[in-house]
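Chemist: Submitted below is the structure of interest, expressed as structure tokens.
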Amino acid sequence: MPRVQRSADVTWEGNVARGSGALSAQSGAFQGLPYSLPSRIGAPEGKTSPEELLAAAHAGCYAMSLAGELAQAGTPADHVEITATVTLDEVEGGSHQIVASELRGRVRAPGVDPQELERAVGAADQGCPFSSLISKSGTVTVNVELEGGANGD
């Protein structure tokens, strides 16, 4: 894979406690997504957070990686559904860091057996750059189930 770079722009007004900001992708995929400290650590109230964006990125990366692993094994997925839950917590010394990301999902892949799915799930985690990044400071757990029974039908 060639080197990939993507950019986002952020504006912030005010102090941390009472300020607010907006996030925009240079690709144009999203513009002016609002975020603030209260929406980051409390109720989102229609605003996003860096952790929510990381969760979306991790789920997207992992879903693509799992789809690739299943296709490479000759049992391409018809449908992959992944939810990532990222946890930010206070660590020793009082700073905060991402301590975990939990991936939960369902796969519809006709013909795949549970052992092949287990192999693909592990390989997809190893092949996902976001899993590698998060596991350097926290843990990544993955639980993916087959839709419709043991053979994925």
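Chemist: Does A22 fit the bill of being farther than 15 Å from V140 by Cα, free of Cβ contacts under 8 Å to residues at least 24 places away in the same chain and assigned to a loop (DSSP other than H, G, I, E, B)?
Modeler: no
Chemist: In this structure, does G111 turn out to be at pLDDT below 95, over 15 Å from the mean Cα position of the chain (by Cα) and in the same structural domain as V142 (by TED's automatic domain parsing)?
Modeler: Taking the combined requirement at face value, the residue satisfies it.
Chemist: Could I ask something else about it? Take E92 and tell me if it is modelled with pLDDT under 95, among the charged types (D, E, K, R) and more than 17 Å from the chain's Cα centre (by Cα).
Modeler: For E92, the condition - modelled with pLDDT under 95, among the charged types (D, E, K, R) and more than 17 Å from the chain's Cα centre (by Cα) - is met.
Chemist: One residue is enough: does segment 26-37 have a residue meeting the conditions among the aliphatic types (A, V, I, L, M), surrounded by fewer than 14 Cβ atoms within 10 Å (Cβ to Cβ) and outside the structural domain of A109 (by TED's automatic domain parsing)?
Modeler: yes
Chemist: Just give me the residues in segment 58-76 being under 12 Å from the mean Cα position of the chain (by Cα) and either crowded, with 18+ Cβ neighbours inside 10 Å or not assigned by TED's automatic domain parsing to the domain that holds E118 (or both), in sequence order.
Modeler: Result: H58, A59, C61, Y62, A63, S65.
Chemist: Also, I was wondering about something else. Checking E118 against (1) more than 28 Å from S49 (Cα to Cα); (2) modelled with pLDDT under 95; (3) loosely packed, with under 15 Cβ neighbours inside 10 Å, which single condition isn't satisfied?
Modeler: (2)
Chemist: Further, regarding this structure: Can you confirm whether Q26 is farther than 26 Å from V144 by Cα and in contact with a strand residue (DSSP E or B) (Cβ under 8 Å, 6 or more places away or on another chain)?
Modeler: Against the criterion (farther than 26 Å from V144 by Cα and in contact with a strand residue (DSSP E or B) (Cβ under 8 Å, 6 or more places away or on another chain)), Q26 qualifies.
The values are calculated or read from the model by the stated rules, or taken from the named source; none is laboratory data. Just so you know, these numbers come straight off a predicted model, no measurement behind them. For neighbour counting, all protein chains shown are included, and Cβ atoms are generated from backbone atoms with ideal geometry for every residue, glycine included.
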